[in-house]
Amino acid sequence: MARLLGPLSTLRWRTRAKLWFAALLAGLMVVAFAELADMALALFGRLTTGRPWMPFVLAPTIGMLTVWLTRRLCPGAAGSGIPQVIAATWLAAKGKPVNTLLSLRIAFGKIILGALALVGGFSAGREGPSVQVAASVMHSIHNIFPSSRALRAQDLILAGGAAGVAAAFNTPLAGIVFAIEELGRRLETRTSGVLVSTIIISGLVAVALHGNYNYFGQLKVINQDRTIVLPIIVTGLVCGSLGGLFSRLMLWPQKRVDLKLWRWRAEHPIYFAGACGLLIAIIGLVGGGLSYGSGYMITSQVVSGELELPWHAPITRFLATIVSYYSGIPGGIFAPALAVGASLGSNLAQLSGIPADTIPIIALCMAGFLAAVTQAPITSAIIVMEMIDGHEMVISLMAVTLIAKAVSARLSPELYQQLALGFRATKDPAGS
């Protein structure tokens, strides 16, 4: 018996060591992505300061270059990344190859090309792409080290995707919930240890390099009473309706492939990306530059009470994010969706005459709009709660996300699950 247990114990610890190494590498890559994205946003700011015409050069040129490089070098890197991870989880569970969706080439391509798109001013985030980056690292380690096959491929993909959320947002609890609610839809006993250990290690890497921070700072929350009930209902209905419309528009190319617009995109993807870049520049000019980039800095200022946004801010951010997705660049919608929600909250607070720090309507709208877009209400509530250190608001946030999700579900099917069907059904991810 001792002879048997010894090798088994050695194999188990070797497997764990390789798992932890993969989690460490995933965390490092997500942090590198964050740094590169910040540098790209800063570069766009420097290039366009005092030059209102510059986005009309940058956005079309960078858009065409990014899409050309993506399709030529790593077509699986196009888009958000979350649908690819969901599709890869399905395929891995059936024993099918997922190399067109997850690989180290795709991970590096996602990071470099995702940052490049931000230099062009596209409204895209790095958080969704971080899910694909981390999942790609975990999957690649599974292929490289045979002894890691004691763990199922789909479990490592699931754990990697969750670790990507945790490291990108510094929200470990949201990473676990995201894995259950969106990526895997279930959590088995054999998966839980892999999931939690991966999230812990990736999260520690992010904290070690970035510090223990709140993604959008800290929102002042005054003790809430029954007066918050009406804002919860109103924001839930408004965000649910707009988020459902957003998801419906995101799925438009998939649902109406016969339209001339989408046929032209399939035939001329590079020129289509250039046209989208031109639209991004026009929207940015009309909106006073508030729609460029991921929206992180503006949202942080809104949450901290330093900035009140004009009425058109949610509209321009909404449109810029849709156009950015249509272009085919690698980029996510988490941060832009939160930016739309913060803009809505700022507008509603101004219209109602309610100070944002008395009833934190901005946080409610952030969680509500994200829940309406993703139709993942628990993840949305927890991710906003952790990002703004708003633990006092957890019940209010969950209430608004459930209302928003219920309204959105009437208007559109689940966004990521529907997009994943396209990646699952085709061998060419760029054409999805």
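The values are calculated or read from the model by the stated rules, or taken from the named source; none is laboratory data. Not measured: the values here are computed from a predicted model. No Cβ is skipped: glycine too gets one built from the backbone with ideal geometry, and neighbour counts run over all protein chains shown. Note: accessible area is taken over every heavy atom of the protein model, side chains too, but ligands, DNA and RNA are not part of it. Shrake-Rupley method; radii C 1.70, N 1.55, O 1.52, S 1.80 Å.
Tabulated data
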item: Whichever residue in the range 37-55 is open to solvent by 70 Å² or more (accessible area, probe 1.4 Å) and of a type outside the set (Ser, Thr, Tyr) and, among such residues, is nearest to the chain's Cα centre (by Cα); result: 38
item: Criterion violated by residue 305 - all others in (1) closer than 15 Å to residue 324 by Cα; (2) of a type in the set (Gly, Ala, Ser); (3) surrounded by fewer than 17 Cβ atoms within 10 Å (Cβ to Cβ) satisfied; result: (1)
item: Matching option when the condition is open to solvent by less than 50 Å² (accessible area, probe 1.4 Å), part of a helix (DSSP H, G or I), at pLDDT below 90 and of a type in the set (S, T, N, Q), among 300, 343, 294; result: 300
item: Selection count, the range 395-432, where residues are in a loop (DSSP other than H, G, I, E, B) and either under 20 Å from the mean Cα position of the chain (by Cα) or modelled with pLDDT of 85 or more (or both); result: 4
item: Conditions (1) open to solvent by 10 Å² or more (accessible area, probe 1.4 Å); (2) in contact with a Gly (Cβ under 9 Å, 6 or more places away or on another chain); (3) part of a helix (DSSP H, G or I); number of the one not met by residue 135; result: (1)
item: Condition check for residue 89: over 23 Å from residue 266 (Cβ atoms), among the β-branched types (Val, Ile, Thr) and free of Cβ contacts under 8 Å to residues at least 40 places away in the same chain; result: no
item: Filtered residues of the range 256-307 (kept if of a type in the set (Lys, Arg) and in contact (Cβ under 8 Å) with a residue 24 or more places away in the chain); result: 265
item: Residue within the range 105-115 that is modelled with pLDDT under 90, crowded, with 21+ Cβ neighbours inside 10 Å and outside any loop (DSSP other than H, G, I, E, B) present; result: no
item: Answer residue from the range 378-389, given it is assigned to a helix (DSSP H, G or I) and open to solvent by 10 Å² or more (accessible area, probe 1.4 Å) and is modelled with the lowest pLDDT among those; result: 386
item: Per-region count, the range 56-80, residues more than 22 Å from the chain's Cα centre (by Cα), modelled with pLDDT under 95 and crowded, with 21+ Cβ neighbours inside 10 Å; result: 0
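Quick grid of which residues meet (1) farther than 25 Å from residue 365 by Cα; (2) open to solvent by 10 Å² or more (accessible area, probe 1.4 Å); (3) touching an Asp or Glu at 6+ places or on another chain (Cβ under 8 Å):
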| site | (1), (2), (3) |
| --- | --- |
| 255 | yes, yes, no |
| 267 | yes, yes, no |
| 270 | yes, yes, no |
| 273 | yes, no, no |
| 287 | no, no, no |
| 290 | no, yes, no |
